[in-house]
């Protein structure tokens, strides 16, 4: 099978699976490329104390400290991604970090935990206005209301087109019964005037390599999926909901199959049906 078009943007989210090793973080670029991703994404926070304070998450202090990415990794990772033909993306969690990340990343990300954070959303106005693309996950029944009021109003029409919202379920891993893929296509569950959801941030079990394809069938044009390395520490907090390289490759292949099966819009019968047209009952044969 050859797919000639690739309308779905596939993002490999590395999260903490670099195990705070720059070598591993750089190796992840090659792994993501080999697995068929279009984008590689990391996560950055400059201050553990600020993360704990803003998220009210003292219980996670040790995790934030252990997997905090040094800021001097950003230019190296961005350059490596570009050299491999991947788009470099990164999540920010603190308002003061947004521009630091935007200096290197083409795509910025706001997680579902921060999607209602007015200060963080406002901090993204400048980078988006300057040409960066922004993705915002809407897990935990998050709505676009805060983003529309504090982010979108500060952008002109062209800049607003660079902001997209992703459905997601903020459980790690998320059970199949909780994926709620209907949110991608069923806008009746969202408020009036909200932007259609552009895609899906997938936290399903890694062995479920078909969930991205289902999201594409529901209309997703952007898919985000966690990716780990084969030697990622099994005690890493992102390990259980991250795909192995082999699983991620299969996951991307299923997305491409879904695109192929959905096909391109056309009028009239498909060319594969043409030999059968002569046998269709009830249709007057045209005499040449």
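Every number here is computed from the coordinates shown, using simple stated rules; none is lab data. Fair warning: this is a prediction, and the values are worked out from it, not measured in the lab. Here the Cβ positions follow ideal geometry from the backbone for every residue, glycine too, while neighbour counts run over all protein chains shown.
Ratio of Rg to Rh for segment 116-211: 1.00 [Cα atoms; Kirkwood radius as inverse mean 1/r over pairs]. The calculated pair-distance distribution of the chain uses every alpha carbon pair, bins of 10 angstrom beginning at 0, and gives 6, 27, 34, 20, 6, 4, 2, 1, 0 percent.
Taking the C-alpha atoms only, the angle from helix 245-262 to the longest principal axis of the chain is near 40 degrees.
Spatially, segment 62-92 and segment 128-207 are offset by 23 Å when compared through their Cα centroids. Here the peptides 255-264, 136-145 are ranked by packing, the mean other Cβ count within 10 Å, and the order with the highest first is 136-145, 255-264. The tail of the calculated P(r) for segment 159-288 beyond 19 Å holds 61 percent of all Cα-Cα pairs.
Mean residue ellipticity, 222 nm, helices only, the chain: the sum of -39500 (n - 2.57) across DSSP H runs of n ≥ 4, divided by residue count and rounded to 500, is -8500 deg cm²/dmol. For the listed peptides 87-100, 67-80, 149-162, a ranking on the average number of other beta carbons within 10 Å per residue, highest first, reads 87-100, 67-80, 149-162.
If both residues of a DSSP beta bridge must be in the chain, then about 0% of such bridges are antiparallel.
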